[in-house]
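For reference, the structure discussed in these notes is given below.
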Amino acid sequence: MKEYNVIVVGGGAAGFFAAINIAEQNPQYKVAILERGKEVLGKVKVSGGGRCNVTHAEFVPQELVKYYPRGEKELLGPFHQFMTGDTMAWFEERGVELKIEEDGRMFPVSDSSQTIIDCFLFEAKKHNVDVLTNQGVKTISKRDEAWEIETNHDTFKAEQLLVATGSSPKIWKLLEGLGHSISQPVPSLFTFNIKDNRLKDIPGVVAQNVEVKVLGTDLYSEGPLLVTHWGLSAPAILKLSAFGALELAKRDYKFEVEVNFVKQATAAILEQLKQVKLDSAKKTVFKFPQFDLPKRLWQQLVLASEMTEDSRWGDINKNQLEGLAGQLTQAVFKVDGKSTFKEEFVTAGGVDLKEINFKTFESKLNKNLYLAGEVINIDAVTGGFNFQNAWTGAYIVSKAISSKA
Ligand SMILES: Cc1cc2nc3c(=O)[nH]c(=O)nc-3n(C[C@H](O)[C@H](O)[C@H](O)COP(=O)(O)OP(=O)(O)OC[C@H]3O[C@@H](n4cnc5c(N)ncnc54)[C@H](O)[C@@H]3O)c2cc1C
């Protein structure tokens, strides 16, 4: 039996951040990370397309929480304790400088997730954290006020236990055994599969600012839209996939979306099109894009409005004009399935939020059991918010454990 003061199960983002902070604040403690894999920090490595989108330049807790479809209410208090600015400072104090991109996402200036991994491995070593790999946790039980943890190789004992195993069905089962309820896990942050002639030939086209609604629901979003080989992606879609994770799963990812490419009312657009018809009667509609739309997208919408490549503004009839106004403002697409967004994806679901004390991230059901990161039912839209949840929870766990020392 190997004995520790604190055992952290899971060598990922939350696990490392917590273990380092606990060991730094309590040099007298023996701290270990138990990781099931051969390597640690696997997701950090591939995160943000290999660049690791560490956090987001949103510095107001009340604003930051709005990016969390699950966890909005619960994270407000924790963000007052450890926020995005604290994350920046934490990394900078340890030699990792972060930069802010135009859309607010923050990355290491090296543009390499390895910088974050190197920092964590260095800090863990410096503070004598035992990082034990190939230690898949199989059972967790309480014996004489201490936690006993069995892995495929060893048995461990610890006074304090942090479970930071991300989206792991096996660990959720173990936590159910300890009395916790698990909200049904479903994917979040995915792109929409759409087969549609309007999109078929234009992958790579981006409309900078659109509105998207999921028909028959309240789901609505705004932002950039990207046409892909499979359908639609980019923030306007990813936000819907996060906020609609449960609803869209219920529909088995079969639903319709309505896109307003120009963010104006149909009637207003129709009036503007009528004016173009008067002013530019001799020009061909196909070759004369309006409303700053990408040319290839405009052309697809024109063809979808019963016009040909040769139709001239002066010759098009009322139905065609109305059709075009409709395509621009209320274009309906049938979604059939989803695809993985390779830069970032997460699971909605996990340990029920009612069972966690968000002042400490300690379980309300099991004393000295802490939970942080994706194992709990918190997830966010894309942009660095998911890691911020991991850093915040992990840091607060370290403070709570230190206060017991
Ligand atoms: C491709 C991809 C890219 C992403 N990019 C970003 C990004 O740029 N920015 C962002 O904010 N978020 C990003 N995310 C989301 C982010 O990676 C997660 O939200 C975050 O890693 C969660 O941290 P965690 O510590 O809870 O879990 P994880 O980082 O998943 O770590 C959990 C660890 O626990 C281990 N484990 C599981 N079961 C056991 C067991 N039984 N015994 C021992 N160990 C176990 C796992 O092997 C793993 O190492 C991305 C996700 C993916 C998949």
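The values are calculated or read from the model by the stated rules, or taken from the named source; none is laboratory data. Please read all numbers here as calculations on a predicted model, not as lab measurements. Backbone-built Cβ (ideal geometry, glycine too); neighbour counts: all protein chains shown. The accessibility values were calculated without ligands, DNA or RNA, using every heavy atom of the protein model including side chains. Shrake-Rupley method; radii C 1.70, N 1.55, O 1.52, S 1.80 Å.
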Next on the checklist: Output the 0 to 90 degree angle, nearest 10, between the alpha-carbon long axis of helix 13-25 and the longest principal axis computed from the alpha carbons of the chain.
Outcome noted: 40
Next on the checklist: I'd like the accessible area for K30, computed on protein heavy atoms only with a 1.4 Å probe and all protein chains in place. Round to 10 Å², please.
Outcome noted: 110
Next on the checklist: Give me the percent relative contact order of the chain, please, defined on Cα pairs under 8 angstrom at least 6 residues apart.
Outcome noted: 24
Item to check | Sum of -39500 (n - 2.57) over DSSP H runs of 4+, divided by residues of the chain (222 nm, nearest 500) | outcome: -10500 deg cm²/dmol
Next on the checklist: Could you sort Y4, Y220 by their accessible area in this structure, using a 1.4 Å probe and putting the largest first?
Outcome noted: Y220, Y4
Checklist outcome for this item: Surrounding charge for G104, neighbours by C-beta under 12 angstrom, Lys/Arg +1, Asp/Glu -1, total -3
Next on the checklist: Could you put E97, E150 in order of accessible surface area, largest first, with the 1.4 Å probe and the full protein assembly present?
Outcome noted: E97, E150
Checklist entry - For the chain, which whole percent of the accessible surface, found with a 1.4 angstrom probe, sits on carbon and sulfur atoms? => result 49
Checklist entry - Per residue, how many Å² of accessible area does the chain show with a 1.4 Å probe? => result 45
Checklist entry - With axes computed from alpha carbons, what is the tilt in degrees of helix 318-329 against the longest principal axis of the chain, rounded to the nearest 10 within 0 to 90? => result 10
Checklist entry - Sorting F333, F286, F345 by accessible area (1.4 Å probe), largest first, what list results? => result F345, F286, F333
Checklist entry - Which value, to two decimals, describes the C-alpha radius of gyration of the stretch 247-294 once divided by 2.2 N^0.38 Å? => result 1.72
Checklist entry - Given N residues in the chain, what is Rg(Cα) / (2.2 N^0.38 Å)? => result 1.17
Next on the checklist: At 1.4 Å probe size, what's the solvent-accessible area of E145? Round to the nearest 10 Å².
Outcome noted: 130
